[in-house]
Amino acid sequence: LTPVLHAKELYNVLPGGEKEFVNLQGFAARGFEGFCLVGVSDLDICEFIDNYALSKKGVKAMSLKRSTITDAGLEVMLEQMQGVVRLELSGCNDFTEAGLWSSLSARITSLSVSDCINVADDAIAAISQLLPNLAELSLQAYHVTDTALAYFTARQGHSTHTLRLLSCWEITNHGVANGGHSLPNLTALSLSGCSKVADDGVELVAENLRKLRSLDLSWCPRITDMALEYVA
């Protein structure tokens, strides 16, 4: 169970018109280890950290959706919230790839990034260099290219078991080959909406990912029935 808190729900308006951050003691009493914050700013996140008793060590998962978090805000959040190992950023258009370089911590094991307009190949470079223990990566980014999938190192090759590339329109069979060589221990792979991936890409998956147990090829218009023969 993950509480979802919208920005407007984080404050009470006092009689004088001033705003007061809500009391989160009830959440702390129940020991919630994960939160989803929607429409929040850097300041809202700082207020959350200051007002939630478990924020520094007890929160394991944070999800930010449609929020204006900046590079500085992301850095402060991950520096202050030392317990976070699962991070989701969705619809956050104010942080950049530089923010990922400055904030990502090796403790993160699960990362999901979607609909964040400043995310491209250099974001994957940051992930590959800074997250040696990454077990699960979900990425929806229109500007990520084949080059990015060659950035993964032997460290991720050992630890990463789940990779979801969702509507990564620039990824081709070559990128699939890069990922297959870099991440041989994948057990789950999604190429859903990767419209440039074709049958040859599926053949490469079948040849290189011997431990694969789940493969999502939905919304891939270039893949035909022939691809099924490769994975049968």
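If you go through region 141-155 one residue at a time, do you hit one that is under 16 Å from the mean Cα position of the chain (by Cα) and either outside any loop (DSSP other than H, G, I, E, B) or of a type in the set (Asp, Glu) (or both)? Within region 141-155, one or more residues are under 16 Å from the mean Cα position of the chain (by Cα) and either outside any loop (DSSP other than H, G, I, E, B) or of a type in the set (Asp, Glu) (or both). Of the residues making up region 54-84, those that are over 18 Å from Leu1 (Cβ atoms), out of contact with any strand residue (DSSP E or B) (no Cβ under 6 Å at 6 or more places or on another chain) and hydrophobic (A, V, I, L, M, F, W, C) are Ile69, Ala72, Leu74, Val76, Met77, Leu78, Met81.
Are any residues in region 28-41 over 28 Å from Asn93 (Cβ atoms) and either in contact (Cβ under 8 Å) with a residue 24 or more places away in the chain or not in a loop (DSSP other than H, G, I, E, B) (or both), and if so, which ones?
Taking region 28-41 as the starting set, the residues that turn out to be over 28 Å from Asn93 (Cβ atoms) are 28-31.
Listed by number, the residues that qualify are Ala28, Ala29, Gly31.
With respect to the conditions (1) outside any loop (DSSP other than H, G, I, E, B); (2) out of contact with any Ser or Thr (no Cβ under 8 Å at 6 or more places or on another chain); (3) within 16 Å of Thr2 (Cα to Cα), Glu88 lacks only one, and its number is (2).
Yes/no matrix, rows are residues, columns are (1) surrounded by 20 or more Cβ atoms within 10 Å (Cβ to Cβ); (2) of a type outside the set (Val, Ile, Thr); (3) part of a loop (DSSP other than H, G, I, E, B):
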residue: Ser167; (1), (2), (3): no, yes, yes
residue: His174; (1), (2), (3): no, yes, no
residue: Ser192; (1), (2), (3): no, yes, yes
residue: Val205; (1), (2), (3): yes, no, no
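When you check Glu18 against the structure, is it surrounded by 13 or more Cβ atoms within 10 Å (Cβ to Cβ) and either farther than 16 Å from Cys92 by Cα or polar (S, T, N, Q) (or both), yes or no? In short, no. Whenever a residue of region 44-73 is on the phi > 0 side of the Ramachandran plot, its partners that are of a type outside the set (Phe, Trp, Tyr) and at pLDDT 95 or above, lying with C-beta atoms within less than 7 angstrom and at least six residues away or across chains, give the pairs Arg66/Val38; Arg66/Gly39; Arg66/Gly91.
The values are calculated or read from the model by the stated rules, or taken from the named source; none is laboratory data. This structure is a prediction, so every number in the text was calculated from the model and none was measured. Using ideal geometry, Cβ is built from the backbone for each residue, glycine included, and neighbour counts are taken over all protein chains shown.
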